[in-house]
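Just so you know, all these numbers are worked out from the coordinates, no wet-lab data involved. Quick caveat: nothing in here was measured; it's all calculated off a predicted structure. A quick note on method: Cβ atoms are made from the backbone with ideal geometry, for glycine too, and the neighbour counts reach across all protein chains shown.
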Amino acid sequence: MGLFILRRFGVMLLTALCLTFVVFFLTNLYPNLEKLAKTQGNQRMSDEQVEAWLDNRGYLQPTLVKYGQWLGVAPGYQKVMNDGNVVGTCTRPGSTAENTPRFCGVLQGDWGYSTVFKDEVGKIVGKRLANTGYLMFWVLVLMVPTALLVGVLAGMREGSALDRSLSTFSIITTATPEYVSGVIFIAIFTSSTVGLKWFKGTATQAMDNPTFENFFLPVLTIALYGMGYIARMTRASMTEVMTAQYIRTARLKGVSFTNIVTKHALRNALIAPFTVIMLQFPWLLNGVVIVETLFNYKGFGWALVQAAGNNDIQLLLAISVVSVFVVLVTQLISDIGYVYLNPRIRIS
Amino acid sequence: MEPLSWTGSIAFLNPILMIALAALVISIVVWILGSIVLPEAPMTVNADGTLSSGSGLRVLTQTALQYSFVACVALALAYVVLGILMGTGAGIIGAISQQFLPVWLSLIILFAMSIAFKRRLGLYGKLFDSPIGMIGFGLVMFWVFTGIFGAMDLIVTHDSLSQVSGMKNKVPGTPLPNAEEGQYAWYLLGGDNLARDVFSRMVKGAWIVVQIAPLATMFAFMVGITLGLPAGYYGGRLDTFLSFLANLILAFPVILLFYLLVTPEIVATGVPNYMAAVLFVFPILFISVLLNSRYYTRPNFRTPLLIGVLGIALWLYLSLISTDGYIINTDAYKIWGLPTFLDLFDIPGGILVVFVSVVFVNSPTVFRIVRGLAMDIKTRDYVAAAQTRGEGPWYIMLWEILPNARGPLIVDFCLRIGYTTILLGTLGFFGLGLPPESPDWGSTINEGRKLLSIYLHPALPPAFALLSLVLGLNLLADGLREESLKD
């Protein structure tokens, strides 16, 4: 087991390195750098000025060198301008040649400086992640029990009325992407034309003061899209368990149906959904980006959109590291959890 | 001109529909509760050994459900038929159903022909045995026909880009201020915030989805199959390497990838063109290996066949990737492609990048599915038989394994078209790739949502259109899965 986890960590590290390099390469293509220079410097810079601006800040070094600087294995770029200002990869506004560190990369714990938010990347990501983490927590609280309940209820009697209606419900939710369900919810529950006005159409206030009124719709929107898939997987697993021999034996012994479901079937039926729930996290990440944009909730997804829209290289890199980390860790947990939960694999 | 109401002169149907819908909802609830509370219908064994179930309360709830459902469907049909006959006399619904007349006719012809010949149509014919599959197929074909006829300017009432002054954000059914002769006199689903017709834009948006989504999914399948079969069949280093690459792409959050790939800056660097040049090679590889592995024992037939097929495929490939005589045309450097007079069609850079990135995102998942199937099927006896016969590995992969993996692949194909539709919508929603005035559903939803708290009508039609298409594809996949499991 230890070796397995160690190997997985090795693969994880390699994946993260490859992915960040891809992100690095794409964000450092010249047209992207030109955009960055123009948004940071001046929209009406001439081509020569753009090149000089980029050259002074070390953006025109070879990609591998810059990547090494970002990682912290190569010394940072630094240049003293004519007016005495220091610019470079490791500098912050107001820093001088003396107090600038020689290395500033991920290995040194320095995630860089966001050009959009004018702040340390580490701080921004932490703050935004806290917002999103809060959102995700409530999404999971709503989504997982509901999905499991729907799946178990649908799967315990295959082909029954309950099964058919719950299956229809889960198919509809999987067919409704967040930007459709979100728009429909906003239209029905918040607009002045329909007049229900039960909820608020934006979650901007929810960052400081989350209430049911301003926070429920974003949570529901993300939860619904993921719910259908988990419910269908649970249903499939439940129907499979319900046809097993030991369930028939229990039935023939005269165990009541409620007892069969709760004591005999449920535990075995919940192994497969666990994996599915874990693998659902990367999808939730997508949902988070859409919903945070739709409801204007300033979390991780919103930061991603801002960073990508303005080619904020270091913030984008940090964001991709975090999301890759989330994806790979959830994969690891699902693998380990599957082995742990399934006695047939654990013991052999 | 008078503004149109929703139902016009067939408003007398509305209370009946309301009653029918209420009856349907109540009977569904009773049916579900009944299935839990009520005892099962009593079974009696007849003298000849057959079983017959008595008419318990449970059967009653089911009958009630059936009747109320039939009533709802009949009423909906009545709206459509009366609408087709009366046109704008039957309000907005009537006018819309009249506009959709070619779609209704095609659907009726398609379903009639398919049901008549369903025993001879294989899996497709069996689809018409499953109600769920039929509903799904109907929804999908509705949007396919809408897309095709919309592209032929049959259904649309106005140009999807032209603005009519005074129609900004007007509610559904508003008449044009001074309609000219030959111009449709109403905005059936209202105007958006640039005073364009919401209905026509929704219909035109269907064409974009119908064009891109199946084609992109097909390319993703070609890539996934061409790489997944050898990975699963050979295993070993090749498998490890390809799986690592697939996991690498899958670990990327889709939206981050889109934001990195689908920007005007990236288009300017020519990266999408390189990706297109690589990804579009796979279908050619697939076809040539497919044909070669089958006919290599008959060189006299194989060689002309391959030359012909590959010639056409290469020509299409070069036309696809070259624009204005160049494969890659950036400021810094150019690579020559097919000369313009041989170039069959040009794909604008915006569409190409959308297409390429959707293929790129979808193919690793297909790869994983195909790989898994190949690993499973390669242990079967018929594969061992083919190996003993001395067949080549590619023959076994493409002519023994692939046909036997078709069931799950067809089902996944349907689901994946739906997923691709959602991805296209996501791209439009973030304003990536397609031009901002494009009528695709994602972009129109994005535009409409900004004024959602005051004006509902610009955002809701494309939202429901996308929902129904994806729902149709999911139901179709479910029906296909059910029917293919019956064999």
In terms of the ratio Rg/(2.2 N^0.38 Å) built on C-alpha atoms, what value belongs to chain B?
1.16
Arranged by the count of other C-beta atoms within 10 angstrom, fewest first, what order do B:437, B:391, A:178, B:400 take?
B:437, B:391, B:400, A:178
Point-charge dipole on Cβ atoms (K/R +1, D/E -1) for the protein assembly as shown, about Cα centre, debye to 20:
2320 debye
Leading residue at positive end of dipole, the protein assembly as shown (Cβ point charges), from B:471, A:9, B:289
A:9
Rg/Rh ratio calculated on Cα atoms of region B:86-191 (Kirkwood radius)
1.12
Which of B:243, A:323 comes first, and how do the rest follow, when ranked by fewest Cβ neighbours within 10 Å?
B:243, A:323
With -39,500 (n - 2.57) per DSSP H segment of 4 or more residues and division by the full residue count of chain B, the 222 nm estimate, nearest 500 deg cm²/dmol, is -22000 deg cm²/dmol
What is the dipole size for region B:292-382, taken about its Cα centre, with +1 at each Lys and Arg Cβ and -1 at each Asp and Glu Cβ, in debye to the nearest 20?
620 debye
Kirkwood-based Rg/Rh on the Cα set of region A:198-348 evaluates to 1.13
Cα centroids of region B:48-90 and region B:146-223: how far apart, whole angstrom?
34 Å
Whole-Hz couplings from phi, Karplus 6.51/-1.76/1.60, listed for region B:115-121; x for Gly and Pro:
5, 5, 10, 5, 6, 9, 9
If all Cα-Cα distances of the protein assembly as shown are sorted into 20 Å bins from 0 onward, what percent lands in each bin, rounded to whole numbers?
12, 43, 35, 9, 0, 0
Over region A:128-207, relative contact order from alpha-carbon pairs under 8 Å, at least 6 apart, %:
14 percent
Report the percentage of all Cα-Cα pairs in region B:1-104 whose separation exceeds 24 Å, rounded to a whole percent.
47 percent
Amide H to amide H, which residues 5 or more places from residue A:105 or on other chains are under 5 Å from it, using H placed in the peptide plane?
A:110
Please list the radius of gyration and Dmax for region A:138-229, considering alpha-carbon atoms only, with Å as the unit.
15.0, 47
Using Cα-Cα distances under 8 Å and only pairs 6 or more residues apart, what relative contact order does chain B have, in percent?
17 percent
Karplus 3J(HN,Hα) series, Hz, for region A:257-266 with 6.51 cos²θ - 1.76 cosθ + 1.60 (x for Gly, Pro)
4, 4, 5, 4, 5, 6, 8, 9, 8, 4
Per-residue HN-Hα couplings for region B:61-70, Karplus 6.51 cos²θ - 1.76 cosθ + 1.60 at θ = phi - 60°, whole Hz, x for Gly and Pro?
4, 5, 5, 4, 4, 4, 5, 5, 5, 4
Which values, in whole Å and largest first, are the semi-axes of the equivalent ellipsoid of region B:60-130 obtained as the square root of 5 times each eigenvalue of the Cα gyration tensor?
28, 22, 7
Selection from B:179, B:247, B:313 lying farthest towards where the dipole of chain B points positive, charges on Cβ:
B:247
Square roots of 5 times each gyration tensor eigenvalue, C-alpha, region B:373-477, largest first, Å:
46, 14, 8
Would you give the gap between the C-alpha center of region B:285-325 and the C-alpha center of region B:414-477, rounded to a whole Å?
37 Å
Two decimals is fine: what's Rg over Rh for region A:295-348, C-alpha atoms, Kirkwood radius as Rh?
1.29
Roughly how many debye, to the nearest 20, is the charge dipole of chain B about its Cα centre, given +1 on each Lys and Arg Cβ, -1 on each Asp and Glu Cβ, and no other charges?
1000 debye
Dividing the convex hull volume of the alpha carbon atoms of chain A by its residue count, what do you get in Å³ per residue?
174 Å³
5 angstrom amide H check on residue B:328, placed H, neighbours 5+ away:
B:335
Result for the protein assembly as shown, cysteines with no Cys Cβ partner under 4.7 Å, is A:18, B:72, B:414
How big is region B:185-340 on each of its three principal axes, counting only the C-alpha atoms and giving the largest first in Å?
66, 39, 39
Scan around residue A:113 for amide H atoms under 5 Å from its own, H built in the peptide plane at 1.01 Å from N, and keep only partners 5 or more places away or cross-chain.
A:121
For chain A the mean separation of alpha carbon contacts under 8 Å (6+ apart) over residue count, i.e. relative contact order in percent, is 20 percent
Which values of log₁₀ I(q)/I(0), to two decimal places, follow from the Debye formula for region B:215-262 at q = 0.28 Å⁻¹ with a uniform point scatterer at every Cα?
-1.01
